[in-house]
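Visitor: Quick one: the structure is below, and I'll ask about it shortly.
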Amino acid sequence: MKADIDRRVVEAAAGFLASEDNEIGFLYSGWAQAALPHRRLKDDEPWQVETDRVTLLVQPGMRPGKPPVSIGVPYGSRARLILLYLQSEALRTGSRDISLGRSLHAWLRRLGIPIGGRSMQDVRDQAERISRCRMSFQIVQGNRSGLVNQSILDTAMFVEDDSGQQSGQFIETATLSQMFFDQLKRHPVPIVESAVKEIANNSLALDVYCWLAYRLHVLKNPTPISWSALKEQFGQGFGRLDHFRRQFRHTLTMALSVYPEAKIEDQARGILLYPSPAPVAPKTLRLVTRAVKPKRLPAP
């Protein structure tokens, strides 16, 4: 088991260091602190993650029918990649309107995700879940709190796959909701796409990488994070703390393999975060569109 983990870490690190891809992606800072489930939930089951600063609640969407059908909340690595694509494209183009068809396929191929068969079915399923779910981020800062309560998308245009079945629907075009787009522009977290490529099939590693990209570069002093706090944020699927701790240590090693600038110390009571360079130079944030100033909420 350990040898297999070590091999994957070495391969990820080698792939990241050898990559000549300098593309930058973006995600809303709320997603760096509270993420989607890693495994499928019951179709009518909501999802909630609560940390010291952010509470994320995701409610499953419904597909019209007789009767309407609950299709469940998004989950796993494919949902995270689709959300990352939507947010990155919105900031690159400065527009809420995003094409998912060939553009999404090309981006997934660049990340090494197979386009076709079971893999494409998973992408299609997660895209529909994202389009129909409703989420809320409650952000707390001192004695202030703000609520972003909305759908991720305002509109989506569905097309059917070759089978012509409703369950084969796929989003061809999508429009981010205005409030989500505004918050994304105000609080973007830049990440390196070549790093994402090496951990694209590991949803927990993606979460940890994005969290470190958000936290480390703004620290002024070394900051301890307890195992219980880490489990609350990342390990809701684990019953026992020792099982989570063992898995998180493996996953942290994987995330650090594609973030060599990160300085982390593994301790008995948790981990110690040190001020570290961001994975992307601050000047990249100039790419973010600033045309419209949305209503300000506390920064997540």
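Visitor: What full-extension length gain, to one decimal in nm, is calculated for Asp97 and Asp52 as 0.36 nm per residue of separation minus the Cα-Cα distance?
Guide: Numbers: separation 45, 0.36 × 45 = 16.20 nm, distance 3.31 nm.
Length gained, Asp97 through Asp52: 12.9 nm.
Visitor: Which percent of the accessible area of the range 185-290 is formed by carbon and sulfur heavy atoms (probe 1.4 angstrom)?
Guide: 50 percent
The values are calculated or read from the model by the stated rules, or taken from the named source; none is laboratory data. Computed from a predicted model, the values in this text were never measured in an experiment. The accessibility values were calculated without ligands, DNA or RNA, using every heavy atom of the protein model including side chains. Shrake-Rupley method; radii C 1.70, N 1.55, O 1.52, S 1.80 Å.
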